[in-house]
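Inspection log for the structure reproduced underneath, given as structure tokens.
The values are calculated or read from the model by the stated rules, or taken from the named source; none is laboratory data. Note that the structure is a prediction, hence the values are computed from the model and not measured. Because the Cβ atoms are built from the backbone with ideal geometry, glycine has one as well, and the counts that use them run over all protein chains shown. To get the accessible areas, we keep the full protein, side chains included, count just its heavy atoms, and leave off ligands, DNA and RNA. Shrake-Rupley method; radii C 1.70, N 1.55, O 1.52, S 1.80 Å.
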Amino acid sequence: MAILIPNRLARRHFIARQGLASPPRRALSRDDLVAMVHDLGFVQVDSIGTVERAHHHILFARNQTYRQRDLHRLIEDDRSLFEHWTHDASIIPCAFFPYWRHRFARDRERLQSRWWKERLEAARLEMDRVLDRIAREGPLRARDFEAREKPSTGWWDWHPSKAALEFLWRTGELAIARRDGFQKVYDLAQNVIPTAHYEREIEHHAFIDWACRSAFRRLGFATRGEIAAFWDLVTPAEVEEWMKENREELLHVEVEPADGGRPRASYALASAFDPAIEPPEAPARLRILSPFDPLLRDRARAERLFGFQYRIEIFVPEAKRQYGYYVFPVLRGETMVGRIDARADRQIDRLVVRAFWTEPGVRVSAALLSALDAELERLRRFAGVGGVEFQDGWLRV
């Protein structure tokens with residue numbers, strides 16, 4: 001018989017597993033930061049810096065003592081973290097590199113059959129030259145190869161060396177040593193990934209077992225599809241087969257949605273989830289989250305658990321946007337209370353608040369506005385601007 005998990009408890013479990021139940025002002029060492037990324041699994045990278053780039057914002061939302069330079073040092077100096085692909089470009093613990101070898105093998109076949117195919121025909125002759133030049137000269141950017149080639153005019157017109165670099169990165173022969181600005185700087189993978197992780201081999205069955213178990217530990221409860229989608233390393237069919245092999249370890253649970261409707265049939269790993277234990281209550285403070293925060297990455301799951309429907313509108317024509325180009329979700333305690341359109345305007349040295357919308361049923365109280373002011377002040381300091389400026393008509397109720 002399935003175990004019913006009330007919505008309040010489901011939200012609390014998930015928030016705790018997403019690192020948002022820990023004290024946000026505790027001291028954060030570099031080891032603690034590695035542990036945070038490890039516990040999350042990965043942190044998505046995004047180039048848009050409306051306030052701050054997503055990977056920095058995600059970590060800051062969990063600990064306000066986080067500083068951007070610490071992440072750079074862990075990637076570039078300590079080599080504790082590396083950048084590669086999950087559902088999108090992400091920062092991942094180097095300890096996971098052996099599991100990513102299985103992704104490299106899959107991508108080597110998959111990428112040659114998609115839109116890459118035509119580009120790889122031109123790039124194939126460049127691959128040995130690219131590898132040889134990086135081996136001789138050290139880390140290089142795509143632009144370092146452009147002098148003798150037609151410059152790229154964008155994503156769909158990569159020059160051959162750019163396509164070669166990306167293919168070699170996606171298939172594990174190259175790694176990203178650092179970013180200059182936001183440009184990738186590529187090096188041979190063995191020069192970036194610590195030897196113990198680079199040389200370690202994981203057989204396929206153990207890889208599937210790790211991918212499923214580690215996803216359950218980070219999600220708490222999940223459907224087959226959610227487990228497959230978490231790392232984007234395994235297929236739903238592989239998850240299905242793993243669940244059949246390990247069915248005695250799985251709990252059948254039903255998760256109550258935020259709207260009180262029909263519970264969602266899901267599973268939990270008994271060794272990693274005890275429905276009788278109530279996680280600690282999340283801090284009551286208000287937090288402005290990145291649109292790419294792992295709490296909300298699975299939009300359908302977020303809507304079921306929090307009753308919060310979110311769509312990023314950067315690719316929506318301006319006239320059709322409901323809210324704005326880059327609007328941030330707002331969490332207070334364990335409840336999504338609104339969304340805010342804000343940006344760090346470096347020219348005027350201000351965090352500019354264009355609009356704040358509350359969610360249905362959320363009352364605009366003095367306490368809520370005070371909590372919002374406190375979070376905007378924290379975010380202002382993190383973004384490195386001198387003050388907060390509210391535009392006329394910013395409060396939308």
- Item | Table column - 3J(HN,Hα) (Hz), region 290-303, Karplus curve with 6.51, -1.76, 1.60, x for Gly and Pro | 5, x, 9, 4, x, 4, 10, 4, 7, 4, 5, 5, 4, 5
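Give the calculated FRET efficiency between Val316 and Glu245 to the nearest 0.05, with a Förster radius of 56 Å applied to their Cβ-Cβ distance.
Result of the calculation: an efficiency of 0.85.
Could you work out how much longer the chain between Ala27 and Leu4 gets when fully extended? Use 0.36 nm per residue separation minus the Cα distance between them, nm to one decimal. Intermediate results must be reported in sequence, preceding the final value.
Values: separation 23, 0.36 × 23 = 8.28 nm, distance 3.69 nm.
Length gained between Ala27 and Leu4: 4.6 nm.
On full extension of the chain, what length is gained from Ala196 through Asp259, given 0.36 nm per residue of separation minus the C-alpha to C-alpha distance?
Taking 0.36 nm per residue and subtracting the Cα distance, the gain is 17.9 nm.
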- When the chain is modelled as a GNM with alpha-carbon springs shorter than 10 Å, which of Pro317, Pro98, Pro275 fluctuates the most? Pro317
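Work out the count of Lys pairs in the chain where the Cα-Cα distance is under 30 Å, with the pair 8 or more places apart or on different chains.
Value for the chain: 6.
With both bridge residues required to lie in the chain, what share of the DSSP beta bridges run antiparallel, to the nearest 5%?
About 80 percent, rounded to the nearest 5.
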- Item | Residue-normalised accessible area of region 1-129, expressed per residue, 1.4 Å probe, Å² | 43
- Karplus-derived 3J(HN,Hα), 6.51/-1.76/1.60, for each residue of region 222-235, Hz, glycine and proline x: 6, 8, 4, x, 5, 5, 5, 7, 4, 8, 6, 10, 10, 8
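Provide the three semi-axes, in whole Å and in decreasing order, of the ellipsoid equivalent to region 343-382 as defined by the square roots of 5 times the Cα gyration tensor eigenvalues.
Equivalent ellipsoid semi-axes, largest first: 23, 12, 7 Å.
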- Query: So what's region 270-358 giving for Cα Rg divided by 2.2 N^0.38 Å, two decimals?
  - Reply: 1.31
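How much of the accessible area of the chain, in percent, comes from carbon and sulfur atoms when a 1.4 Å probe is used?
It is 48 percent, rounded to a whole number.
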- Out of all DSSP beta bridges with both ends in region 266-397, state the antiparallel percent to the nearest 5. 75
- Starting at the first residue of region 51-56, write each ³J(HN,Hα) from the Karplus equation 6.51 cos²θ - 1.76 cosθ + 1.60 with θ = phi - 60°, in whole Hz, x for Gly and Pro. 10, 7, 4, 4, 4, 6
- Query: Taking a probe of 1.4 Å, how large is the accessible area per residue of region 191-290, in Å²?
  - Reply: 49
- Which part of region 318-332 falls in the paramagnetic zone of Arg396, meaning amide N under 18 Å from the point 7 Å along Cα-to-beta-carbon? 318-331
- Note on the structure: One computes Rg over Rh for region 312-395 from alpha-carbon atoms, with the Kirkwood Rh, and obtains 0.97
